[in-house]
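Participant: Next up is a structure, given as structure tokens.
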Amino acid sequence: MSRILVTGATGFVGPALVEELARAGHQVRVALRRDAPVLPGVEYTITGGIGPETDWRPALIGVGAVVHLAARAHVSDAGPDALARFRQVNSLGTKRLAEAAAASGVRRFVFLSSVKAMAESSPPGRPLSEVDPARPEDAYGRSKREGETALLDVAAGYGMEPVILRAPLVYGPGVKGNFLRLLRLVDRGLPLPFGAVANRRSLVARANLVCALRQCVEAEAAGQIFLVADGEDLSTPELVRRLARALGKTPRLLPVPSVVLRTAGRLAGRSAELARLTGDLTIDTALIRARLGWRPVTGVDAALAETVAWFRRGQQRKGEPQRHRDTEM
């Protein structure tokens, strides 16, 4: 494989992926919105913002594969025109990059999508799999699904090899959003009303996701859509207990019925967040295991311990870990 172009290289997943690809012997070039530090020995190019007008031609010279991580994140936008804003980056921006990559002779295009491009919950009694229809429910999910479709259409016309990887919530050192908020609450020892929740949720540690992305670049996987997750599904109270154990805290869980939580969330305008904390979203990873031979490189408890260690280091530096824009999920 020749040079690999990575977008979203300064986000949550990007630095770890760039390091992994470089360690595996690949030549890596990162596309940046503006000048920023990169790993020694890694090329970089300034492309500006990602959208339907981005000029990708200089960045794609000599590139044989693209890994497209950059996205407008689902945690950062709302309102009546949210879909239009998401589309600028996640759909139209992805289409623009795919067209430029195909025209430049790029062979493999790996797109990090989201399980939200499929659904917000898994079917009753079973996990989601790749054969389930894509029925995204929110603006972010719809924009990511449109990005997938645009990539597949462009690739079919040019003979480029697309690979799509749909991930659930990603966690690890540097995590933000709802996972970081939950981690802070558990660390403060506050009582949490999830003791009666009996849901199941799939997560993916960043290390496991990075391993899957690298294999999507290297393996024979043209035209495939994969789901990826750790392989151990947790309920919300079990996640709280494991975070507390890693923090050295005693979990405080109140047995509030899920129906009461959902009602409170609706009244507070936080229905979607409460639905994620009380509902089921499990993922079947059989296809990526069978086709790529992928296996998790870390377990849930080890990944949570690493995340907590990062969190502790941030506290020791007299302040919460620095927030930065979510450029992945």
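Participant: Could you tell me how many of the residues in segment 169-202 are assigned to a strand (DSSP E or B) and either of a type outside the set (A, V, I, L, M, F, W, C) or free of Cβ contacts under 8 Å to residues at least 12 places away in the same chain (or both)?
Facilitator: Selection size over segment 169-202: 2.
Participant: Could you count how many residues in segment 277-298 are buried (at least 17 other Cβ atoms within 10 Å of the Cβ) and in contact with a strand residue (DSSP E or B) (Cβ under 9 Å, 6 or more places away or on another chain)?
Facilitator: 14
Participant: Only one of these is free of Cβ contacts under 8 Å to residues at least 60 places away in the same chain, closer than 30 Å to Asp280 by Cβ and hydroxyl-bearing (Ser, Thr, Tyr): Ser91, Ser114, Ser121. Name it.
Facilitator: When all the criteria are applied, what remains is Ser91.
Participant: Please tell me if Thr94 is hydroxyl-bearing (Ser, Thr, Tyr), open to solvent by 50 Å² or more (accessible area, probe 1.4 Å) and part of a helix (DSSP H, G or I).
Facilitator: No, not satisfied.
Participant: Can you say whether Gly62 is among the small types (Gly, Ala, Ser) and open to solvent by less than 50 Å² (accessible area, probe 1.4 Å), as far as the supplied structure shows?
Facilitator: Yes; evaluated as a whole, the condition is true for this residue.
Participant: Moving on. If I ask for residues that are within 19 Å of Tyr158 (Cβ to Cβ) and either modelled with pLDDT under 95 or outside any helix (DSSP H, G or I) (or both), which ones from segment 213-230 would you list?
Facilitator: Of everything in segment 213-230, those that are within 19 Å of Tyr158 (Cβ to Cβ) and either modelled with pLDDT under 95 or outside any helix (DSSP H, G or I) (or both) turn out to be Glu220, Ala221, Ala222, Gly223, Gln224, Ile225.
Participant: OK, next. Which residue, of Val75, Val89, is of a type outside the set (S, T, N, Q), within 17 Å of the chain's Cα centre (by Cα), modelled with pLDDT under 95 and open to solvent by 50 Å² or more (accessible area, probe 1.4 Å)?
Facilitator: Matching residue, one of Val75, Val89: Val75.
Participant: Are any residues in segment 2-20 surrounded by fewer than 24 Cβ atoms within 10 Å (Cβ to Cβ), in contact with a Lys or Arg (Cβ under 7 Å, 6 or more places away or on another chain) and under 20 Å from Gly177 (Cβ atoms), and if so, which ones?
Facilitator: Once the filter is applied, which keeps residues that are surrounded by fewer than 24 Cβ atoms within 10 Å (Cβ to Cβ), in contact with a Lys or Arg (Cβ under 7 Å, 6 or more places away or on another chain) and under 20 Å from Gly177 (Cβ atoms), segment 2-20 yields only Ala16.
The values are calculated or read from the model by the stated rules, or taken from the named source; none is laboratory data. All of these numbers come straight from a predicted model, not from anything done at the bench. Cβ coordinates were reconstructed from backbone atoms using ideal geometry, including for glycine residues, and neighbour counts include every protein chain displayed. Ligands, DNA and RNA are stripped out before the accessible areas are found, and what is left, the full protein with its side chains, is counted by its heavy atoms. Shrake-Rupley method; radii C 1.70, N 1.55, O 1.52, S 1.80 Å.
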